[in-house]
Amino acid sequence: MKLGFACKFLNAEQKQLFPFKATTRTRFLSLDNETGATLLYTLARANLTNLRLIFQELALEPADLRMMRIGSDLLPLYTVPEATRLYNEFLPDLFALFTDCGEFARANGIRLSFHPGQYSVLASDNPDVVARAIEDVEYHALCARLMGYGQTFQDFKINIHMNGKAGFAGFASSFGKLSPEARRMLTVENDEISCSLDDVLQAQELCPVVVDIHHHWVKENAFIKPDDPRIARVKDSWRGVRPVMHYSISQEGIIPQQGFPEQSALGVPKTRLRAHSDYYFNPTLNDWALSFKDFDIMCEVKMKNLARDRLYAYAKSQEH
């Protein structure tokens, strides 16, 4: 079982190491072409360099901890049309950095993913929203392809939600418009508001399903177990590749420090249950998550790799 973290690599003092650099759309659009191109190139080169440094840190850790989600701002503002045109001019100058990152990750068994933002809605009933969502997914697929991924089914994971008024039919239609590489990498996740696990399982013949067990609890007030028939369907959707699940818990002070929380006894609105905690402080919930032994776990907590490390230490302590 691999345990991953999302986007930011923290040191023991909770300071971010090797951060990605970004700029605002407003600032970029205020610049002339030459200055804007220089800015984007400098930021992208710094981000790729820092990504390689994060990979180097992961390569020093146990194999079980070599898993991460890469931040979406690897190439800042790429999907802004004025920026896309400039990137097309200098992107070949970054190919070697992309290649080096990918080769290093594969050589060291680092499992990688992206998670496009909540506004990338392939199942929207608005054609303009769908067009932007496809563009965003293809941007992430481009970054993965430049690192050498997208060649085989699920050699890289690009995860999105399926929420949208067009439902599964809209999702399926948009999925068919993606490039072959993007289709090989795409996964779909249940959310805590509009799209249940049962909803996303409609997509199991198209792409793998990522089960978020916290989202499921918030939406359904139920702690799904590994022997639930739906979990078997989730695993089948991965077609022999080790599946990934997401694990988070509600914030400290909202749920108890041990035991399974009962929503009706917490005295808070469901919306407050959605926010993620800093660390995994409830051993009952940790045991629950770790019982999904056929899955790798993406740890969605605010303290990123530090919280993941504590969960890993807890898992090791339970082995003896």
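The values are calculated or read from the model by the stated rules, or taken from the named source; none is laboratory data. What you see is a predicted model; the values in this text were computed from it and never measured. No Cβ is skipped: glycine too gets one built from the backbone with ideal geometry, and neighbour counts run over all protein chains shown. Heavy atoms of the whole protein, side chains included, go into the accessibility calculation; ligands, DNA and RNA do not. Shrake-Rupley method; radii C 1.70, N 1.55, O 1.52, S 1.80 Å.
Points worth noting:
- All of 189, 181 fail the test of being in contact with a helix residue (DSSP H, G or I) (Cβ under 6 Å, 6 or more places away or on another chain), among the charged types (D, E, K, R) and within 17 Å of residue 133 (Cα to Cα), apart from 181.
- So residue 230, is it more than 28 Å from residue 277 (Cβ to Cβ) and modelled with pLDDT of 95 or more: no
- Inclusion of residue 145 among residues that are in contact with a helix residue (DSSP H, G or I) (Cβ under 6 Å, 6 or more places away or on another chain), open to solvent by 40 Å² or more (accessible area, probe 1.4 Å) and not hydrophobic (A, V, I, L, M, F, W, C) is warranted.
- Odd one out for residue 268 among (1) modelled with pLDDT under 95; (2) open to solvent by 60 Å² or more (accessible area, probe 1.4 Å); (3) over 18 Å from residue 213 (Cα atoms): (2)
- Considering segment 157-172, and only residues there that are open to solvent by 30 Å² or more (accessible area, probe 1.4 Å) and either assigned to a strand (DSSP E or B) or among the hydrophobic types (A, V, I, L, M, F, W, C) (or both), the residue that is nearest to residue 117 (Cα to Cα) turns out to be 161.
- Failed condition for residue 23, given (1) part of a helix (DSSP H, G or I); (2) among the polar types (S, T, N, Q); (3) in contact (Cβ under 8 Å) with a residue 12 or more places away in the chain: (1)
- Entry remark, segment 271-291: residues being open to solvent by less than 40 Å² (accessible area, probe 1.4 Å), closer than 23 Å to residue 232 by Cα and in contact with a Lys or Arg (Cβ under 9 Å, 6 or more places away or on another chain) number 1 in total.
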